[in-house]
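Report on one structure; see the data block that follows.
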Amino acid sequence: MPMESVSPSIGWGVLHLLYRVDRERAEQDPGAAKRIVDAVASLEADGHHALVFAVLGHKADLGVMAYGPDLARLHAFQQELLVGPLVPDSSFVSLTELSEYSASEDDEEARLRSEEGLTDPLEIEARLVVWRERIEHYRENRLHPQLPRRKVIGFYPMSKRRQGEDNWYRLPFAARKELMAGHARIGRTYAGRVLQLITGSTGLDDWEWGVTLLTDDPVVLKDIVNEMRFDDVSARYGEFGPFYTGLVLEPRDALERVGLR
Amino acid sequence: MPMESVSPSIGWGVLHLLYRVDRERAEQDPGAAKRIVDAVASLEADGHHALVFAVLGHKADLGVMAYGPDLARLHAFQQELLVGPLVPDSSFVSLTELSEYSASEDDEEARLRSEEGLTDPLEIEARLVVWRERIEHYRENRLHPQLPRRKVIGFYPMSKRRQGEDNWYRLPFAARKELMAGHARIGRTYAGRVLQLITGSTGLDDWEWGVTLLTDDPVVLKDIVNEMRFDDVSARYGEFGPFYTGLVLEPRDALERVGLR
Amino acid sequence: MPMESVSPSIGWGVLHLLYRVDRERAEQDPGAAKRIVDAVASLEADGHHALVFAVLGHKADLGVMAYGPDLARLHAFQQELLVGPLVPDSSFVSLTELSEYSASEDDEEARLRSEEGLTDPLEIEARLVVWRERIEHYRENRLHPQLPRRKVIGFYPMSKRRQGEDNWYRLPFAARKELMAGHARIGRTYAGRVLQLITGSTGLDDWEWGVTLLTDDPVVLKDIVNEMRFDDVSARYGEFGPFYTGLVLEPRDALERVGLR
Amino acid sequence: MPMESVSPSIGWGVLHLLYRVDRERAEQDPGAAKRIVDAVASLEADGHHALVFAVLGHKADLGVMAYGPDLARLHAFQQELLVGPLVPDSSFVSLTELSEYSASEDDEEARLRSEEGLTDPLEIEARLVVWRERIEHYRENRLHPQLPRRKVIGFYPMSKRRQGEDNWYRLPFAARKELMAGHARIGRTYAGRVLQLITGSTGLDDWEWGVTLLTDDPVVLKDIVNEMRFDDVSARYGEFGPFYTGLVLEPRDALERVGLR
Amino acid sequence: MPMESVSPSIGWGVLHLLYRVDRERAEQDPGAAKRIVDAVASLEADGHHALVFAVLGHKADLGVMAYGPDLARLHAFQQELLVGPLVPDSSFVSLTELSEYSASEDDEEARLRSEEGLTDPLEIEARLVVWRERIEHYRENRLHPQLPRRKVIGFYPMSKRRQGEDNWYRLPFAARKELMAGHARIGRTYAGRVLQLITGSTGLDDWEWGVTLLTDDPVVLKDIVNEMRFDDVSARYGEFGPFYTGLVLEPRDALERVGLR
């Protein structure tokens, strides 16, 4: 059956998939690990990506974050993994997206004038050329990410609160933009120590966003989430779903670590 | 056993049915896909309808939205699907219904006078004739829908909030009608890009309404729900249940995609 | 073992029992339907009652509402149903009871004087004689109900809210009585279209009351619960549990519909 | 392996244990009932106690309330019951304890002076001698209970609310003591009709207290909990967990009732 | 496969792992207990630690608290335990950490001056030397704990509340520090009777901290948590997850107690 592609008009599809390993089936199915490794390779050959991790604790045994341009291809991959000892547990469906609160070119020009005191139009234009390039690169990375390999992955879904006085969706846009800018500033102090990808799931899954963090130092997962929690975006307006922590490995190694050889 | 029909006095019955596939039973039951396809065909031959979709993520494997005039017939269909490898997971029971907040003929006449400045009774009557026809068509579509085939389905149940100051059920009718009119205006800006069917489940299932969205572009599911969330109807008064996202396919194709051949 | 009876000093015991059907056991146990039908017949021969229904959607396959004077007999019946392919799912334990807010004879006499303008003691007494008989009949029906056969059953548990300003249990008795009288007036406008039985479960199960609705038209389940939700008794003070909707059938027919022959 | 005892410095350990019966294992294990009866007898021979009950509804099939001085002995008993067809469902771990709000000797002396108008020191002392004896007996019964056999058991866990204005843990001791005294007065009006044992589980299980009620009339379970709910201790400050209702029987009879012979 | 270590830059990894015992597999796998005991011994030989306990009640059968410098080693241990009759149930992932509210040297010097009235710089310095040593020891114990053997373990996760007026994360640092100092003072009155280890899980698991208590007297678990609940840190700002209570034993003894020989 040839597959009709289902491609979002903006961004890529993202599936965070969590599995338990059925130990008895695993023992009777010595080819399972190879099949899964092949499915990952085939997905990547089709222009999609997958990150495989062994989960710490008992929330799941194995995690796979699969993403790319075609939801039908991602669904086919999801189904391939179910043949054998992997038992589906939980999952999260989202799309990559740009933040609606990111700074515009006007914002940047205003900042250059007020914060850096620039007045020469040519100098400002020169700086905006650089800014445009950087932003273009940033946007490309958010919409079509190429995630680097780090030792540890953290993942959690979240929503903005709509509760009594603490209702994010009743704030004016300007107030939300300012709050998000402060939140982003905290995030930037962690640049280099952690990579963060936020994907959108409003209307697609039970939470509104998924947050994927990649780092080599598990302490950083704790520090960044803790520090941000004191910021009003989280303190007043954040609702958090389950947190998953995993060890990112080569697919074959991750499978071996969870009993699939 | 001849079945006594159970037909709502207004509207149709609607079942959103979610299933897991038992892979082991599927392998031992090569006729399962054909039986399910036949059950769908037989349901449609009896004047009912079914939409079959493969679910993204692990909330379920397969979804079926079945609807039509007779709840007893829909129940018989529901039971037919359980014979074999489909394991029931969750479901949602509702009835098609008209909104109690839709514009009346008096509303339309007032609008023609105030917004469009009409005064000639004959001209107004001519416009109302057109309006009546359009509304009649719209109502028929809500009560006895013929859903078009789109690539993607979104489904979620919702209720109106009854919490402290944010209690929908304590608002006067006029306030609710005005709020719903604004909400509907947002919906109409998505006309052509997404089809929306709202069905009523107060007293029938745990949530008060079910929202079914059909589109070819998954981004639209995210955009419409996100945009509406800033409207007070959702921001202050909306409570949302689980969100399901699926790929709508021909029954046989959907079954094949989830491992039933 | 002769059973010692466990009889409430007022009212009857009521068990709402929900089951899944284990299809594999059902196939290996062709006598199951007959055993269950016999168990129902035997329960009724002992002066108890049972209503059997096929559940719409996947919350359960089969429901049984069993009620009567002896909790030990009802428990024995509950256990008989477990032998075979019926897998217990959820349940609700309650007792029939009179409302503590029902009108007293003094209330009725005051009403006759104020609303109907009666003053003649003999006329009032004559009216009270009729009232007493009607109330006696109503009370008997609530405490020892003989539920009629209708096509559709709706069941849900509920509690009164105890939350901030919306705390039912902090209202004075007179305020609660007035609120409940208004609520009952809505209910009475549905007389003939739906039969409603409210049973008490405070201290017996997780919710405070169970509401059983019987009707031939499923729209009525939606309409009555929706209309009551705008009344403050529900709007401010109602908390609702899961809603079940089922098709009431002869026991043998209900069992056949869910795969037990 | 000789067991090292684990004995609380005050009071006894209490385990409320709920089980499902695995019918298939039960059929293949005809000695199960005898083993369980023997385990109960052996527990009691070791100075501990057990109450066995058949559960109404589908929350569980069988309940066992085991209590006594040694948590290690109670744990060994808990493990003995797991060998065979009993499948553990839920449970509640607590310790017997005295209420921190019970009247002191000073309270009683003040009451004798103010309510009964006593002034003669000798007379007061004579009354206090009787009071001390009664209190000593009451305390002994709470810490080392010998529960009587009644037909029906009710059990539920509860906590005190910590929510906005309704925060029990922010009330001064005197206010809490007065509230609890009023609550206790309601309880005493049920003396003779129901026996109530409150055990403490703060820090040991998810709720702060467990309430065990024993009575011959199931109506009393509903009446006492309902009446107390209007008291501010429950209305404003009570949070309630799941309610279990069971029929208390001789162990062998209870087991037979749930399919273990 | 040689394992690449995953070591937090500060503190150790901690896994609280809860298991059910599959009785049927246990009977068919007489070597299971030995394998688990060997896995614990091997973990400890690698510089990590494990505490094994039998769980009271039905929340789980067996608990293991494993901790040490390398998350990859802890994950490997976690996977070793899954081979055989141990079925993973729940878990908690955290890291040891210092409190951000602990007294600084400046705090201590201020205290020496104000509370103890010291003024002589030499005397103050002498006291600070002792303080530094004690704090160093305390910090070392929190980051790299060597937990003593006690008869009973209590474990629960918790978070700080972010709700309306009771929002911990909106308090200024000084207010939080003062609240935590009062909370710690209560804790210190239990010194010698209970050992408490708080580990951080913000960003790693669903709750923000895990609290592990070790004592010989189960009453102390109840008393310390109850007393602290009246302190505003808990009363207003504490949210608590599930509480586990277990009997700490030698690994072989704990396994035997839960049916693994």
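The values are calculated or read from the model by the stated rules, or taken from the named source; none is laboratory data. Keep in mind it's a predicted model, so treat the numbers as computed, not measured. No Cβ is skipped: glycine too gets one built from the backbone with ideal geometry, and neighbour counts run over all protein chains shown. Surface accessibility is based on the protein's heavy atoms, side chains included, excluding ligands, DNA and RNA. Shrake-Rupley method; radii C 1.70, N 1.55, O 1.52, S 1.80 Å.
Quick look at the numbers
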| read-out | value |
| --- | --- |
| Protein heavy-atom accessible area occluded, B/C pair - total, 1.4 Å probe, Å² | 3700 |
| Accessible carbon and sulfur surface of segment C:182-261 relative to its total accessible area, %, 1.4 Å | 48 |
| Ranked order, D:240, D:77 - accessible area, probe 1.4 Å, largest first | D:240, D:77 |
| Computed magnitude of the charge dipole of segment E:194-235 (debye, nearest 20; Cβ of K, R +1, Cβ of D, E -1) | 40 |
| Residues of type lysines that residue B:34 reaches as a straight line, Cα spacing below 28 Å, ignoring anything fewer than 8 places off in the same chain | B:59, B:151, C:59 |
| Residue D:37 accessible area, assembled protein chains, probe 1.4 Å, Å² | 30 |
| Extent along principal axes [Cα atoms of segment B:1-47; Å; largest to smallest] | 43, 22, 19 |
| Loop-located GluC sites (Glu not before Pro) in segment B:33-134 whose Cβ has at most 13 other Cβ within 10 Å (DSSP) | B:100, B:115, B:116 |
| Cut-off 20 Å, label 7 Å out along Cα→Cβ of residue A:165, residues of segment C:159-183 by amide N | C:163-166 |
| Rg/Rh (Cα only; Kirkwood hydrodynamic radius) as it applies to the protein assembly as shown | 0.96 |
| Percent RCO, i.e. relative contact order, over segment D:1-124, from Cα pairs under 8 Å lying at least 6 residues apart | 38 |
| Rounded to the nearest 10 Å², the accessible area of residue E:151 at probe 1.4 Å | 60 |
| Solvent-accessible area per residue for the protein assembly as shown (1.4 angstrom probe, square angstrom) | 41 |
| Quarter of Cα convex hull surface for segment D:1-155, i.e. mean projection, nm² | 12.7 |
| Chain C, closest residue to the rotation axis toward D, by beta-carbon, whole angstrom | C:164, 5 |
| Teacher prompt: residue D:146 distances to equivalent labels in other copies, 7 Å Cα→Cβ, nm | 5.0, 5.0, 8.1, 8.2 |
| Cβ-derived FRET efficiency at R0 35 Å, residue D:189 paired with residue C:175, nearest 0.05 | 0.90 |
| Descending Cα extents along the principal axes, segment A:104-216, whole Å | 49, 41, 24 |
| Long-range HN-HN contacts of residue C:161 with modeled amide H, under 5 Å | C:168, C:238, C:239 |
| List C:112, B:195, ordered by accessible area with a 1.4 Å probe, largest first | B:195, C:112 |
| Point-charge dipole on Cβ atoms (K/R +1, D/E -1) for chain A, about Cα centre, debye to 20 | 720 |
| Diffusion coefficient, µm² s⁻¹, Stokes-Einstein with Kirkwood Rh over alpha-carbon pairs of segment A:76-170 at 20 °C and 1.002 mPa s | 118 |
| Choice from B:242, B:251, B:121 showing the highest fluctuation, given a GNM over chain B with Cα pairs closer than 10 Å | B:121 |
| Highest-fluctuation residue, E:104, E:159, E:42 considered, GNM on chain E with Cα pairs under 10 Å | E:104 |
| Inter-copy spacing of residue B:41 label points, which lie 7 Å from Cα along Cα→Cβ, given in nm from shortest upward | 4.1, 4.1, 6.6, 6.6 |
| Diffusion coefficient, µm² s⁻¹, Stokes-Einstein with Kirkwood Rh over alpha-carbon pairs of segment A:157-261 at 37 °C and 0.692 mPa s | 211 |
| Chain B: relative contact order in percent, alpha carbon pairs under 8 Å with at least 6 residues between | 28 |
| Gap separating the Cα centres of segment E:75-145 and segment D:208-237, nearest whole Å | 45 |
| Choice from A:233, A:219, A:194 with maximal GNM fluctuation in chain A (Cα, 10 Å cutoff) | A:219 |
| For residue D:6, net neighbour charge (Lys/Arg +1, Asp/Glu -1) across residues whose Cβ lies under 11 Å away | -1 |
| DSSP-assigned coil residues among GluC sites (Glu not before Pro) in segment D:160-261, each with at most 11 further Cβ atoms within 10 Å | D:165 |
| Inter-label distance for residue A:129 and residue E:115, nm, one decimal - labels placed 7 Å from Cα along Cα-to-Cβ | 6.5 |
| Mean separation of Cα contacts under 8 Å, 6 or more apart, over the residue count of segment E:121-226: relative contact order % | 33 |
| Label spacing, shortest first and in nm, from residue A:24 to its equivalents in the remaining copies (7 angstrom along Cα→Cβ) | 0.6, 0.6, 0.9, 0.9 |
